[in-house]
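One structure below.
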Amino acid sequence: MKNGLKTLALGALAASIASEGFAEEWNVSVWGKRRAFTEHVEKLAELVAEKTNGEFTMNVSYGGLSKNRENLDGISIGAFEMAQFCAGYHRDKNRTITVLELPFIGVNNLEEEVAVSHAVYAHPAVQEEMAQWNAKLLMTSPMPQYNIVGTGEPRSTLADFEGMRVRATGGLGKAFEAVGAVPTSVTSAEAYQAMESGVVDTVAFAQHAHLSFGTINQATWWTANLNPGTVNCPIVVNIDAYEGLSDEHREALDSSVDESIAYYLENYGKLLAKWDEVLAEKNVEKVTIAEEELAAFRAKAADPIRAEWIAEMEAQNLPGQELYDLVVETLKKERAGN
């Protein structure tokens, strides 16, 4: 009897130790402050904790772990387990996903942005490049087409863009450069100061960022329909950390991605619905660019920059044409399904 009780006690102790061993705590590096751009990360942490009864938790840090331009480096050395970064911050480190930052690729809404991003993320060449940084692409941070805010007289023609100093990164920067503007790639957190000090005349952001980083507070006008493109900002996890998860925890993480993205889209939709109210409240003029000016912009920026990007990728033995075609085909499938 005593031996039986001893065995049961030892079994209970072993189960307790095993249970404690499965507890998992991840650090997640993002930047700025909590906003529409990070709501899927917050939702992911919430869902994972719920599904694992609190055994797998995530501490989301807004700038406390790393600078935004160094998040991919932090992932590569295992300084933290999950992070958000934007491709335009270090194009040489994530060449393949910059296909998603090409100007005028034709993405019309956030759902399409999710579809093309995740299709590109699943491509073997993209996964191989990210693996060099010990990074696994988990999900995108879909953003609408960028538009610019500025002060002074509105800029509504390509001639007005000549010499315009604009905060724009990646493919967007190249697009503005193609029409005579002068792009600078200061980080999102530095944009307000750059605008305030006159380092830039205008700032290209999605709506949430104009709000979060305060550039809308300095603006006197906003382009409603320029829509030259957007930036791509993935959420990545450290491969070693991901593979070290128990099957249960890994399933909790993977199964929460779609729900987190859906929550993000719903939340962002509410922001977009209120955007006109924000402009009116802050007395910001909505500038509509004429179609002929937009056509001229596309002619100067879209085809030449795309051809240059494809040639540059192919020269580095990367499937540039294949990745661009993947974006086009994914858009067709997404629209056919709707």
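Below, the figures for the structure above:
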| read-out | value |
| --- | --- |
| Computed accessible area, Ile148, all protein chains, 1.4 angstrom probe, square angstrom | 0 |
| Restraint check, Lys51/Lys93; Lys282/Lys333; Lys93/Lys270; Lys136/Lys300; Lys300/Lys333; Lys51/Lys270, Cα-Cα greater than 31 Å | Lys51/Lys93; Lys282/Lys333; Lys93/Lys270; Lys136/Lys300 |
| Whole-number percent relative contact order across the chain, with pairs defined as alpha carbons under 8 Å at least 6 apart | 24 |
| Ser141 long-range amide H proximity, modeled H, under 5 Å | Cys233, Ile235 |
| Under 5 Å, built H, 5+ apart or other chain: amide partners of Leu245 | none |
| Only Lys, Arg (+1) and Asp, Glu (-1) charged, at Cβ; the chain dipole about Cα centre in debye | 500 |
| Solvent-accessible surface (1.4 angstrom probe) belonging to Leu110, in square angstrom, nearest 10 | 20 |
| Solvent-accessible surface (1.4 angstrom probe) belonging to Ser255, in square angstrom, nearest 10 | 50 |
| Karplus-derived 3J(HN,Hα), 6.51/-1.76/1.60, for each residue of the range 267-272, Hz, glycine and proline x | 5, 5, x, 5, 5, 4 |
| Relative contact order (%) - criterion: Cα under 8 Å, at least six apart; region: the range 103-147 | 49 |
| Candidate residues Thr288, Thr230: accessible-area rank, largest first, probe 1.4 Å | Thr288, Thr230 |
| Using a Förster distance of 41 Å, the FRET efficiency for Ser255-Glu291 (Cβ separation, nearest 0.05) | 0.40 |
| For the range 290-297, Karplus couplings with θ = phi - 60° (6.51, -1.76, 1.60), whole Hz, Gly/Pro x | 5, 4, 5, 6, 5, 4, 5, 4 |
| Ranking by accessible area, most exposed first, for Leu272, Leu158 with a 1.4 Å probe | Leu272, Leu158 |
| Theoretical ellipticity at 222 nm over the chain - DSSP helices of four or more residues, -39500 (n - 2.57) apiece, nearest 500 | -14500 deg cm²/dmol |
| Relative contact order computed over the range 120-191 (Cα-Cα under 8 Å; 6+ residues apart), in percent | 20 |
| Counting DSSP beta bridges with both ends in the chain, the antiparallel % (nearest 5) | 45 |
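The values are calculated or read from the model by the stated rules, or taken from the named source; none is laboratory data. These numbers come from a predicted model, not from an experiment. No Cβ is skipped: glycine too gets one built from the backbone with ideal geometry, and neighbour counts run over all protein chains shown. For the accessible areas, the whole protein counts, side chains as well, though only heavy atoms, and no ligand, DNA or RNA atoms are used. Shrake-Rupley method; radii C 1.70, N 1.55, O 1.52, S 1.80 Å.
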